[in-house]
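Q: Supplied in structure tokens, the structure appears directly below.
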Amino acid sequence: MKELYNSDQEIHSLIKQEELRQAAKIRLIASENYVSLPVMQATGSVLTNKYSEGYAGKRYYEGQQLIDQIELLAIERVKELFGAEHVNVQPYSGSPANLAVYLAFLNAGDTILGMALPHGGHLTHGSHVSISGKYFDAHHYSLDKETGLLNYDTIRETALACKPKLLIAGHSAYPRIPDFKIFREIADEVGAILLVDMAHFAGLVAGGAHPSPVPYADVVTTTTHKSLRGPRGAMILCKEKHAAAIDKAVFPGIQGGPHDSTTAAIAVAMKEASSDAFKSYAAQVVKNARVLADNLISNGFQLVTGGTDNHLMLVDLTNKGVPGKKAAKALDAAGIVLNYNAVPFDPRKPFDPSGIRIGACAVTSRGFSEKEMVFIGEKINSVINDVENVELQKKIASEVKELCGNFPAPGLEHLA
Ligand SMILES: *Cc1c(COP(=O)(O)O)cnc(C)c1O
């Protein structure tokens, strides 16, 4: 990046420092990952210079000879990978993708039903601070108070009571696998459109390590940058009968020109996601999450639902007497980066909740396996059991850096 260095040393230096941070830390934020260099190259290409409002063959600008081919390739690869009837790869990110789905099916004031934010749902599933909660009559289902699991009886009761036009399944912080078949049945019972937001677990679906919602849902939205390991972006997969409504909602409904550089990088990432190596990655993510969960449990940590079946886990730190935010800051100082997170029925405030969320995607992408996950569990235990010990945090940070040096992260191989 010498041209960037010559033109803007401040930004160059900050990016270089971020590279070093990503190389030297154990990154456990469940929504983050490491994309490959080819994905970054497509993202940083001349495609950023292009405008292409519309869809392939129906553009409002000239010069689309190559852009159309790129977008069609991306769409074909997504269709093939997920077995989808129709695909739109233009949403700028996960939140606008969900907004487009609402525009396609709802009028202002219509009823939606999704998972409550403090129970692992997403802001865009009807939180009162989000446009999805302000413009629609948003209702929520909660997790079971005893088990921390989805309770389909209460979801059905809530749906029968509020009669949603759109039922949303999917989550940002739930460590188990939703039953998409039951969600389909509930949607049919109340005459709702079923949206599954697979932003978090799409990579596991692509790699065959998680059941697919695609056969059951009317519409599936997903980000492309989380477990799926593509560029920052999103896409919408739907049944053919909803194709026109979805496309119209994305453009011209809520967006203008698509980000063609992102589209190309999605195509690259989908090719990668179709490989055997990606299948191994997805299986290893689930294995790694389970090993870490088991280690934490053996060290006396309480995991919401008692474990994990996917890439993430939620740890309730109440019994350790350490609030989530304090734990997250101490761990960050020790080179272990994650986020504080509310646990279901959390008595503490969202900005200072009782838990932490841990995801296994990024560390798996850099090659960590069972042994390294045990190392992580032991270090988390040490830091939290002696949370004020700054010297200990420094010592662990240097051990973490040394371990990371043996596992060059994708896209950062030049630092190894
Ligand atoms: C991350 C996420 C989104 C939003 O994605 P952004 O790209 O951050 O807008 C939407 N839904 C779910 C379930 C998510 O986890």
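Bear in mind these aren't lab numbers, they're just calculated from the coordinates by the rules spelled out. From a predicted model like this one, the values you see are computed outputs, not experimental measurements. Methodologically, a virtual Cβ is constructed for each residue, glycine included, from the backbone with ideal geometry; neighbour enumeration extends over all protein chains shown.
Q: Charges at C-beta only: +1 for Lys and Arg, -1 for Asp and Glu. How large is the resulting dipole of the chain about its Cα centre, in Debye rounded to 20?
A: Result for the chain is approximately 360 debye, rounded to the nearest 20.
Q: With bins 10 Å wide starting at 0, give me the P(r) of the chain over every alpha carbon pair, in whole percents.
A: 5, 22, 30, 27, 14, 3, 0
Q: Kirkwood Rh over alpha-carbon pairs of region 276-407, then Stokes-Einstein at 25 °C and 0.890 mPa s: what D in µm² s⁻¹, rounded to an integer?
A: My calculation gives 165 µm²/s for D.
Q: Just from its helices, what would the mean residue ellipticity at 222 nm be for the chain, if runs of 4 or more DSSP H residues each count -39500 (n - 2.57) and the sum is divided by every residue, rounded to the nearest 500 deg cm²/dmol?
A: So the calculated ellipticity at 222 nm is -13000 deg cm²/dmol.
Q: Ordered by packing density, taken as the mean number of other Cβ atoms within 10 Å over each peptide's residues, highest first, how do 179-188, 397-406, 260-269, 376-385 rank?
A: So the order, starting with the most tightly packed, is 260-269, 376-385, 179-188, 397-406.
Q: Now for a separate question. What FRET efficiency do you get for SER45 and ASP153 if R0 is 51 Å and r is their Cβ-Cβ distance, rounded to the nearest 0.05?
A: 0.50
Q: Ok, one more. Return the FRET efficiency for the residue pair SER93, GLU402: r is the Cβ-Cβ distance, R0 is 30 Å, and the value is rounded to the nearest 0.05.
A: 0.25
Q: Hey, got a sec? Which GluC sites (Glu not before Pro) in region 38-83 land in a DSSP loop and have at most 10 other Cβ atoms within 10 Å?
A: Those that pass, being in a loop and sparsely packed, are GLU62.
Q: Sorted from largest down, what three extents in whole angstroms do the Cα atoms of region 281-335 have along their principal axes?
A: Largest first, region 281-335 extends 33, 24, 15 Å along its Cα principal axes.
Q: Residues in region 303-329 near a label at VAL390, defined as backbone nitrogen under 20 Å from the 7 Å Cα→Cβ point?
A: Zone members listed by number: 323, 325-329.
Q: What's the long-distance tail for region 41-273, i.e. % of Cα pairs beyond 31 Å?
A: I get 20 percent for the Cα pairs in region 41-273 exceeding 31 Å.
Q: Another question about this same structure. Could you give the length gained by full extension between ALA283 and THR318, i.e. 0.36 nm per residue of separation minus their alpha carbon distance, to one decimal place?
A: Fully extending the segment from ALA283 to THR318 adds 9.5 nm.
Q: Ranked highest first by the average count of other Cβ atoms within 10 Å around their residues, in what order do 126-138, 38-50, 85-97 fall?
A: For the peptides 126-138, 38-50, 85-97, the packing ranking is 85-97, 126-138, 38-50.
Q: May I ask for the distance between the Cα centers of region 377-405 and region 174-246, given as a whole number of Å?
A: Region 377-405 and region 174-246 have Cα centres spaced 37 Å from each other.
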